[in-house]
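One structure is given below, encoded as structure tokens.
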Amino acid sequence: MNVLRLAGILICLLAYPFISVSVILPAIFSDNMVLEQSTEVKFWGWGKSKEPIVVSVSWDTVKYSTIADNNAMWSLYIKTPKAGGVQSITVQGYNRIEIKTYL
């Protein structure tokens, strides 16, 4: 197999996660993370350009929304309550990610 063909296959394999899903979160946002209570926490990630992003939390009925910019990046701040045990955060774009967290 020639080098160019192998390089092309490798690029396709590495790009696949970004092509197949829309909303992507950095590794810092994951199950079992701990959030500071009674403050505002910045959430950010990537999506497709102009993709609408909605973040909802289990401790409130407020839905936080934004749109991914031309560089496919988005960010917003969510308000956290007083300590309350296990909670969930849902990030919805063209796909859906749910995170279980502790407050």
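The values are calculated or read from the model by the stated rules, or taken from the named source; none is laboratory data. Computed from a prediction, not measured in an experiment: that's the story for all the values here. Cβ: placed from backbone, ideal geometry, glycine included. Neighbour counts: every protein chain shown.
What to note about this one:
- Residue within segment 66-86 that is modelled with pLDDT under 95 and closer than 16 Å to Glu98 by Cβ present: yes
- Filter result for Asp60 (among the acidic types (Asp, Glu), within 18 Å of Gln37 (Cα to Cα) and without any contact (Cβ under 8 Å) to a residue 40 or more places away in the chain): yes
- A count restricted to segment 55-103 and to residues that are farther than 18 Å from Ser30 by Cβ, surrounded by fewer than 16 Cβ atoms within 10 Å (Cβ to Cβ) and touching an Asp or Glu at 6+ places or on another chain (Cβ under 9 Å) stands at 5.
- All conditions but one from (1) part of a loop (DSSP other than H, G, I, E, B); (2) in contact with a strand residue (DSSP E or B) (Cβ under 6 Å, 6 or more places away or on another chain); (3) among the hydrophobic types (A, V, I, L, M, F, W, C) apply to Leu76; the one that does not is (1).
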